[in-house]
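The values are calculated or read from the model by the stated rules, or taken from the named source; none is laboratory data. Remember, predicted model here, so these are calculated numbers, not experimental data. Ideal geometry is used to build each Cβ from the backbone, glycine not excepted, and the neighbour counts take in all protein chains shown.
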Amino acid sequence: MQYYSTNKISPKVDFKEATIRGQAPDKGLYFPEQIPFLSKTLLASLKQTSKADIAFEVIRPYVGGTIPDADLHEICAHTVNFEFPLVQVSDNISSLELFHGPTLAFKDVGARFMSRCLGYFSRDNKKKITVLVATSGDTGSAVANGFLGVEGVEVIILYPSGKVSKIQEQQLTTLGQNIKALEVQGTFDDCQKMVKQAFTDIELNEKLFLTSANSINVARWLPQQFYYFYALQQWAGAEPPVISVPSGNFGNICAGLLAAVSGLPVKHFVAACNSNDVFTRYLESGLFETMEAVATISNAMDVGNPSNFVRILELFGNDYQKIKSFISSYRVNDITTAETIQGVFKEFNYTLDPHGAVGYNALEKYGSATLTMTGACPKGLFLETAHPLKFSDVVEKAIGQPVDIPAQLQELLKLKKQSVVVKPEYDELKSYLMG
Ligand SMILES: *Cc1c(COP(=O)(O)O)cnc(C)c1O
């Protein structure tokens with residue numbers, strides 16, 4: 001399997017090269033040259049197949065022999081060694097809980113897979129690998145956790161000061177060892193811009209072996225397909241589900257679309273956005289116009305220029321009508337998000353986090369629109385991407401009662417924060433790295 005750059009200038013590379021580089025030298029994103037077809041046997045036996053075996057089968061063609069089968073299976077087994085339960089919330093809506101990993105958010109899977117792959121690839125590398133990651137909250141902690149103690153790899157995390165939750169900040173800044181946190185006095189988009197610039201800086205790249213751990217890295221992006229298989233594995237509906245995905249950088253939903261194009265039966269996708277609605281407006285108008293990110297209570301989705309949009313274009317050959325036939329999109333503002341948390345708690349005794357609430361509400365909106373058009377409400381599920389505890393301030397206000405903080409998080413809150421404060425300027429990052 002070869003990967004080409006979405007900018008079509010850089011040469012093709014294999015999975016190993018794409019994982020180590022992160023981004024292509026021409027600033028494009030790597031994209032697989034062929035989309036593998038899923039074996040009929042795997043689809044037919046999904047319910048009896050173990051999570052690790054599914055992961056292995058799904059990812060194997062993408063890894064294309066750069067990791068031997070036995071090692072790859074071990075990496076897969078380690079990556080998914082926790083639960084992904086599908087929980088029924090209302091008559092028509094279920095929640096695929098993706099928050100049972102070590103940092104209580106869905107990015108654990110991608111981060112665990114990528115860190116193990118990089119660890120494997122760095123075995124024969126002379127230079128130490130530096131992983132540079134911009135985070136709006138959850139990526140950073142998932143990546144930090146995935147890499148903690150992995151030999152030959154140093155991780156530098158950039159996060160927007162004051163724009164991540166207390167728990168997220170503690171998760172980013174208290175690990176120590178090979179993990180360093182830079183606290184940027186700006187937005188997530190600033191962090192992302194700084195990281196992108198670092199990758200194109202020739203002088204810097206001569207000194208350091210830089211790689212990215214953002215959702216643009218194929219080793220983080222591709223394993224997100226697993227969620228959709230685990231959803232189908234537990235799905236009891238007569239028809240395939242509609243799947244609503246709370247979206248920011250669109251890595252997660254793009255992985256789901258990839259799985260569907262490979263043959264996984266999904267009825268339709270809903271891209272659930274908060275007020276950062278670039279993609280919703282694209283589906284409405286056909287125009288993709290980036291914006292300055294605005295802060296919301298579902299802050300891991302505060303992205304004004306979703307980096308995986310180009311991969312969606314690539315996947316569907318730039319065919320706007322085809323994209324519209326696979327995906328619908330709804331925007332959900334903060335007021336509706338909070339009302340959804342409150343309403344679902346009251347009516348169904350289920351506690352949503354703000355991101356899941358955006359997913360839930362967008363799925364409801366899609367359901368009502370379909371009901372009006374066809375007279376039937378489709379059954380579906382949304383991805384619950386974070387544990388409500390990670391956003392307890394918002395959730396408690398909405399449901400009017402405290403969310404218990406488990407012991408492991410109480411311990412985390414006591415640890416000492418260690419970060420380096422920098423201005424949102426590339427030179428600050430560079431001088432730190434050249435240090
Ligand atoms: C990152 C994140 C999202 C958005 O996922 P993308 O792949 O960037 O679209 C949604 N919810 C939570 C909790 C996240 O951490």
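If we scan segment 337-355, do we find a residue that is of a type in the set (S, T, N, Q), touching a strand residue (DSSP E or B) at 6+ places or on another chain (Cβ under 9 Å) and either crowded, with 23+ Cβ neighbours inside 10 Å or in contact (Cβ under 8 Å) with a residue 60 or more places away in the chain (or both)? Show your work before the answer.
In the first step, residues of segment 337-355 are kept if they are of a type in the set (S, T, N, Q); the result is 337, 340, 342, 349, 351.
Next, from what is left, pick out any that are touching a strand residue (DSSP E or B) at 6+ places or on another chain (Cβ under 9 Å): none.
No, there is no match, as no residue in segment 337-355 is of a type in the set (S, T, N, Q), touching a strand residue (DSSP E or B) at 6+ places or on another chain (Cβ under 9 Å) and either crowded, with 23+ Cβ neighbours inside 10 Å or in contact (Cβ under 8 Å) with a residue 60 or more places away in the chain (or both).
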Out of all the residues in segment 1-38, which are within 22 Å of ARG123 (Cβ to Cβ) and of a type in the set (Asp, Glu)? ASP14, GLU17
Step by step: first the residues of segment 372-390, then only those that are outside any loop (DSSP other than H, G, I, E, B) and modelled with pLDDT under 90, then the one that is nearest to LYS166 (Cα to Cα). Which residue is that? LYS390
Hey, among the residues in segment 154-174 that are surrounded by 24 or more Cβ atoms within 10 Å (Cβ to Cβ) and more than 12 Å from the ligand (Cβ to nearest atom), which one's nearest to ASP124 (Cα to Cα)? VAL155
Among the residues listed as LEU232, LEU222, the single one being in contact (Cβ under 8 Å) with a residue 40 or more places away in the chain, in contact with a Leu (Cβ under 9 Å, 6 or more places away or on another chain) and either closer than 20 Å to PHE15 by Cβ or surrounded by fewer than 20 Cβ atoms within 10 Å (Cβ to Cβ) (or both): LEU222
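If we keep just the residues of segment 96-126 that are of a type in the set (Ser, Thr, Tyr) and crowded, with 24+ Cβ neighbours inside 10 Å, which is nearest to the ligand (Cβ to nearest atom)? Even if it seems obvious, please write down each step before you answer.
Going residue by residue through segment 96-126, those that are of a type in the set (Ser, Thr, Tyr) are 103, 115, 120, 122.
Add one more test, that the residue is crowded, with 24+ Cβ neighbours inside 10 Å, and what stays is 103, 115.
Working: THR103: 9, SER115: 17 Å.
Once the filter is applied, the top-ranked residue is THR103.
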Assuming GLN177 fulfils every condition listed in (1) over 19 Å from the mean Cα position of the chain (by Cα); (2) under 30 Å from PRO68 (Cα atoms); (3) not in a loop (DSSP other than H, G, I, E, B) apart from one, which condition is it? (3)
Name the residues in segment 86-129 that are among the charged types (D, E, K, R) and under 21 Å from the mean Cα position of the chain (by Cα), would you? GLU97, LYS107, ASP108, ARG112, ARG116
Taking segment 136-153 and the residues there that are surrounded by fewer than 24 Cβ atoms within 10 Å (Cβ to Cβ) and small (Gly, Ala, Ser), the one that is nearest to the chain's Cα centre (by Cα) would be GLY149
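Could you go through segment 70-82 and let me know if any residue there is of a type in the set (Asp, Glu) and in contact with a strand residue (DSSP E or B) (Cβ under 8 Å, 6 or more places away or on another chain). Write out each step before concluding.
Narrowing segment 70-82 to residues of a type in the set (Asp, Glu): 71, 74.
Then drop every residue that is not in contact with a strand residue (DSSP E or B) (Cβ under 8 Å, 6 or more places away or on another chain), which leaves none.
No, there is no match, as no residue in segment 70-82 is of a type in the set (Asp, Glu) and in contact with a strand residue (DSSP E or B) (Cβ under 8 Å, 6 or more places away or on another chain).
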Surrounded by 22 or more Cβ atoms within 10 Å (Cβ to Cβ) and either more than 14 Å from the ligand (Cβ to nearest atom) or part of a strand (DSSP E or B) (or both): is that true of SER329 in this structure? yes
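Residue-wise test of (1) among the basic types (Lys, Arg); (2) buried (at least 16 other Cβ atoms within 10 Å of the Cβ); (3) touching a strand residue (DSSP E or B) at 6+ places or on another chain (Cβ under 6 Å).
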{"position": "ALA24", "(1), (2), (3)": "no, yes, yes"}
{"position": "LEU29", "(1), (2), (3)": "no, yes, no"}
{"position": "SER39", "(1), (2), (3)": "no, no, no"}
{"position": "ALA44", "(1), (2), (3)": "no, no, no"}
{"position": "PHE56", "(1), (2), (3)": "no, yes, no"}
{"position": "PRO61", "(1), (2), (3)": "no, yes, no"}
I need every pair where a residue in segment 186-210 that is small (Gly, Ala, Ser) has its Cβ under 7 Å from the Cβ of a residue that is modelled with pLDDT under 95 and buried (at least 21 other Cβ atoms within 10 Å of the Cβ), sequence separation at least 6 or different chains. ALA198/LEU132; ALA198/LEU210
